[in-house]
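For reference, the structure is listed below as structure tokens.
The values are calculated or read from the model by the stated rules, or taken from the named source; none is laboratory data. This structure is a prediction, so every number in the text was calculated from the model and none was measured. Every residue, glycine as well, gets a Cβ built from its backbone with ideal geometry; the counts of neighbours run over all protein chains shown.
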Amino acid sequence: MGNAITRRGFVTVVAAGLLATGLAACGNSDTGDDAGDGNGKIVLGFSQVGAESGWRTANTNSIKESAAAAGIELKFDDAQQKQENQIKAIRNFIQQKVDVIAFSPVVESGWDTVLKEAKDAGIPVILTDRSVDSADKSLYQTFIGSDFVKEGRLSGEWLVEQTKNATGPVNIVELQGTTGSAPANDRKKGFAEAIAANPNLKIIASQTGDFTRAGGKAVMEQFLKANPKIDVLFAHNDDMGLGALEAITAAGKVPGKDITIITIDAVKDGMQALADGRFNFIAECSPLLGDQLMELVKKVHAGESVPARVETEETTFTQEQAKAALPNRKY
Ligand code: GYE
């Protein structure tokens with residue numbers, strides 16, 4: 001594995017042996033006009049997860065803006081968080097003979113058949129934001145996105161440090177992201193690993209809130225009813241944390257004080273809650289993947305080799321750091 005910081009602040013990880021594999025088989029040496037638009041532009045079919053969170057909205061905007069700036073024709077589909085819709089959209093893109101397909105897989109499993117169809121049609125596929133668990137890596141060219149395990153681990157490590165002098169048990173509730181999605185699986189894993197050596201840190205309840213505010217609120221209400229002593233909330237994204245704030249306040253507790261709140265994403269509303277003292281810590285997950293994605297689209301379309309993995313560079317925020325960063329936050 002080689003590591004290099006690229007000019008856009010992304011860390012590029014090049015896996016050995018990937019160079020140009022699969023690309024030759026794709027045979028995409030045309031001018032980018034297959035979709036019949038007659039304007040010579042590269043046509044990109046993009047299947048988005050949905051519009052479930054502030055993160056997702058920022059990600060969609062980034063992709064649309066970057067495609068326009070790069071002169072790439074974008075066919076955009078919103079799958080409303082349903083895998084079947086994404087599979088349909090990808091099949092449509094194949095039928096329309098787009099030049100490149102990119103998508104953010106709502107869940108990790110169940111993609112092999114449709115990815116094989118794209119490969120057989122000679123259309124290269126790029127995974128963005130979330131990955132798939134397909135064993136056959138030749139089904140896609142590259143995966144650009146965050147290290148979700150690391151985000152969970154950083155969240156857990158912060159909590160371990162904060163609670164190092166705690167004498168009694170620290171009761172944690174967890175709001176998971178969409179069941180079966182890479183960020184839910186990985187954030188859960190990273191967090192659990194980070195706190196594992198501290199037996200007083202206990203996850204007493206863990207359920208999905210589907211990455212939405214409404215989900216976060218509803219599940220937090222149940223958690224509060226069932227558990228008289230909750231010390232910490234770990235939410236897999238800001239939006240669920242923001243929904244949970246309402247439930248916590250309605251239960252007569254003070255968020256950020258009675259209950260320590262850790263979330264992931266660092267979108268504006270989350271950062272505001274952190275700066276205001278209602279959240280306590282956020283691990284950042286950048287949705288601004290558009291520019292980097294368009295560069296990859298151009299490269300795979302030109303038959304050039306690309307790294308197997310392009311990892312987003314991210315940081316973490318405490319309340320003080322959120323106050324300082326908020327005025328310049330882009331999303
Ligand atoms: O954290 C969450 C969104 O896949 C990284 O999806 C993304 C996650 C993000 O709904 O807010």
| field | Residue that is farthest from the ligand (Cβ to nearest atom) [pool: residues in the range 45-60 that are hydroxyl-bearing (S, T, Y) and more than 16 Å from E84 (Cα to Cα)] | value | T60
| Total residues in the range 91-130, condition in contact (Cβ under 8 Å) with a residue 60 or more places away in the chain, under 28 Å from G71 (Cβ atoms) and surrounded by 21 or more Cβ atoms within 10 Å (Cβ to Cβ) | 11
| field | Residues located in the range 149-166, provided they are more than 16 Å from the ligand (Cβ to nearest atom) and either touching a residue at least 24 places away in the same chain (Cβ under 8 Å) or part of a helix (DSSP H, G or I) (or both) | value | G156, E157, W158, L159, V160, E161, Q162, T163, A166
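Which ones in the range 61-76 are small (G, A, S), away from the ligand (no atom under 16 Å from the Cβ) and not in a loop (DSSP other than H, G, I, E, B)?
S66, A67, A68, A69, A70
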| note | Checked the range 254-270 for anything farther than 18 Å from E320 by Cβ, surrounded by fewer than 24 Cβ atoms within 10 Å (Cβ to Cβ) and within 16 Å of the ligand (Cβ to nearest atom); matches are D269
| note | Looking across the range 131-148 at residues that are surrounded by fewer than 23 Cβ atoms within 10 Å (Cβ to Cβ) and part of a helix (DSSP H, G or I), the single one that is farthest from the ligand (Cβ to nearest atom) is S138
| said: Quick check on my filter: what residues within the range 85-116 are more than 26 Å from T212 (Cβ to Cβ) and either in contact with a Phe, Trp or Tyr (Cβ under 6 Å, 6 or more places away or on another chain) or outside the structural domain of E73 (by TED's automatic domain parsing) (or both)? | reply: I101
| task | Only residues that are in a loop (DSSP other than H, G, I, E, B) and of a type in the set (S, T, N, Q): list them for the range 251-290, please. | result | N280, S286
| query | Under the condition of being in contact with a Gly (Cβ under 9 Å, 6 or more places away or on another chain) and of a type in the set (F, W, Y), which residue from the range 121-150 is nearest to S181 (Cα to Cα)? | reply | F148
| task | Output yes when any residue across the range 175-198 is hydroxyl-bearing (S, T, Y), in contact (Cβ under 8 Å) with a residue 12 or more places away in the chain and part of a strand (DSSP E or B), and no when none is. | result | no
| Does L293 satisfy being in a helix (DSSP H, G or I), buried (at least 22 other Cβ atoms within 10 Å of the Cβ) and not assigned by TED's automatic domain parsing to the domain that holds F191? | yes
| request: Collect the residues in the range 172-229 that are under 23 Å from S146 (Cα atoms), aromatic (F, W, Y) and away from the ligand (no atom under 11 Å from the Cβ), keeping them in residue-number order. | output: F191
| request: Could you grab the pairs with beta carbons closer than 9 Å, sequence gap of 6+ or different chains, first residue in the range 263-276 and under 15 Å from Q319 (Cβ atoms), second one modelled with pLDDT under 95 and within 13 Å of the ligand (Cβ to nearest atom)? | output: A266/E314; A266/Y331
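Every residue in the range 277-331 that is farther than 13 Å from G145 by Cα and among the β-branched types (V, I, T), please.
Those that are farther than 13 Å from G145 by Cα and among the β-branched types (V, I, T): I282, V297, V300, V306, T315, T316, T318.
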| remark: Taking the range 297-331 and keeping only residues that are assigned to a loop (DSSP other than H, G, I, E, B) and among the acidic types (D, E), one is left with E304, E313, E314
